[in-house]
Amino acid sequence: MNNAFNIPERALVLGANSDIARSTTLALASAGTTEFVLASRRPGDLRPLAHRLRAAGADLVETVEFDATELDTHHNFVSATWERHEHIDLTFVAFGELGLHSGAVHTAMTNYVGAVSILEEIRSRLQRQGTGTVAVVSSVAAERPRADNYVYASTKAGLDSYTRGLADVLAPTIHVMVVRPGFVRSKMTAGLDPAPFSVDPDDVAADIVAGLRRRSPIVWSPPIVRGVMSTLRHLPGPVHRKITQHTTSTPKSTITDAFR
Ligand SMILES: NC(=O)c1ccc[n+]([C@@H]2O[C@H](COP(=O)([O-])OP(=O)(O)OC[C@H]3O[C@@H](n4cnc5c(N)ncnc54)[C@H](OP(=O)(O)O)[C@@H]3O)[C@@H](O)[C@H]2O)c1
């Protein structure tokens with residue numbers, strides 16, 4: 001860990017082929033991270049990112065297979081990673097699915113059960129290691145579900161809650177950070193109308209790196225969605241339902257579309 005700036009030297013990235021993860025790893029490389037373990041369902045897809053990281057000055061870029069839903073592989077995945085590297089400064093959890101096509105249970109398995117499974121394995125390693133950082137991509141959707149995203153929102157609410165609890169378990173030596181993006185123009189939202197306050201993966205990456213530097217407990221990206229959500233989450237149910245029903249039946253995006 002580069003203690004002066006809280007930038008990790010070695011990062012493990014789970015779901016490394018995500019657009020947000022790709023931008024974040026490149027931002028980390030620019031900030032001084034030199035070693036990356038990139039994990040994805042199809043490690044071959046990570047070759048272009050690995051190439052860019054090496055060109056940006058990374059000394060070590062490893063690509064490994066990881067599937068969040070293959071729970072029985074998680075123990076060995078974590079053991080093998082720590083056997084190879086002994087110390088991981090940053091664990092970045094970026095995988096997830098919106099679940100428009102995969103079904104509720106699969107989405108819950110990926111976003112919540114899979115994340116808890118791998119993070120519980122990592123927790124015990126970090127407790128032995130004694131230092132480190134964990135950053136987990138939640139969503140503003142964790143704050144309040146609506147009819148057209150309630151399964152996804154519920155998985156993010158569970159993950160968000162788990163991560164905040166993990167922060168308490170591992171404090172003060174290990175920094176755990178929840179990341180709550182609004183609408184991000186990524187593969188996940190391809191084909192959806194960009195919403196107010198929508199951002200690009202590079203914007204989220206900059207907010208994440210700034211959050212690591214500050215050792216923030218929670219990062220909202222963009223920061224304005226924090227205020228928007230604090231209003232929306234307190235709306236009475238019928239009002240919220242009316243607004244979101246309006247959103248669902250309207251092809252053009254409205255303010256509530258910001259909450260993926
Ligand atoms: N885009 C948004 O508006 C938005 C807003 C708030 C939060 N988020 C969250 O941000 C994170 C990154 O999303 P993104 O926007 O960068 O979208 P993305 O590019 O679609 O990334 C999602 C990644 O999750 C990976 N993934 C899905 N199921 C997996 C599994 N079973 N095991 C391992 N990896 C799996 C996918 O892997 P493959 O490459 O193999 O398909 C993909 O790389 C997600 O957690 C998402 O929920 C996104």
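Structural remarks
- The accessible area of Asp45, taken with all protein chains in place and a 1.4 Å probe, comes to roughly 70 Å².
- Carbon + sulfur, % of accessible area of the chain - ligands and nucleic acids excluded, 1.4 Å: 53 percent
- Choice from Arg233, Arg164, Arg185 with maximal GNM fluctuation in the chain (Cα, 10 Å cutoff): Arg233
- Simple label model, 7 Å out from Cα along Cβ direction - His87 to Ala104, nm: 4.6 nm
- For Val219, the residues whose amide H sits under 5 Å from its own are Val178, Val179, Arg180, ignoring neighbours fewer than 5 places away on the same chain, with H placed 1.01 Å from N.
- Probing with 1.4 Å while keeping every protein chain in the model, the per residue accessible area of the chain equals 45 Å².
- The spread of Cα positions in the range 60-206, taken along each principal axis and listed from longest to shortest, comes to 44, 31, 30 Å.
- Cα pair distances in the range 1-60, grouped into 5 Å bins until the bin that holds the longest one, percent each: 4, 21, 32, 26, 11, 4, 1, 0
- With bins 10 Å wide beginning at 0, the percent of Cα pairs of the chain falling in each bin runs 7, 32, 37, 18, 5, 0.
- For the range 57-67, backbone phi angles converted through the Karplus equation (6.51, -1.76, 1.60; θ = phi - 60°) give residue-by-residue couplings of x, 5, 7, 9, 9, 10, 10, 9, 7, 8, 10 Hz, Gly and Pro being listed as x.
- Whole-Hz couplings from phi, Karplus 6.51/-1.76/1.60, listed for the range 7-18; x for Gly and Pro: 9, x, 7, 10, 10, 9, 10, 9, x, 5, 8, 6
- DSSP bridge orientation in the chain - percent antiparallel, rounded to nearest 5: 5 percent
- Listed values for the range 69-83 are Karplus-derived 3J(HN,Hα) couplings in whole Hz (6.51 cos²θ - 1.76 cosθ + 1.60, θ = phi - 60°), namely 8, 8, 4, 6, 9, 5, 4, 5, 4, 5, 4, 5, 5, 6, 5, and x replaces Gly and Pro.
- Cα-projected label distance for Asp202 with Leu60, points at 7 Å along beta-carbon direction, nm: 3.0 nm
- Tensor-based shape of the range 139-210 (alpha-carbon gyration tensor, a/c under 1.5 rounded, otherwise prolate or oblate): oblate
- Mean Cβ neighbour count within 10 Å, used as a protection proxy, ranking 173-179, 136-142 highest first: 136-142, 173-179
- Considering only Ser221, Ser40, Ser102, the Gaussian network model of the chain with Cα springs below 10 Å gives its largest mean-square fluctuation to Ser102.
The values are calculated or read from the model by the stated rules, or taken from the named source; none is laboratory data. Just so it is clear, the structure is predicted and the values come from calculations on it, not from any experiment. Here the Cβ is made from the backbone with ideal geometry for all residues, glycine too, and neighbour counts use every protein chain on show. Heavy atoms of the whole protein, side chains included, go into the accessibility calculation; ligands, DNA and RNA do not. Shrake-Rupley method; radii C 1.70, N 1.55, O 1.52, S 1.80 Å.
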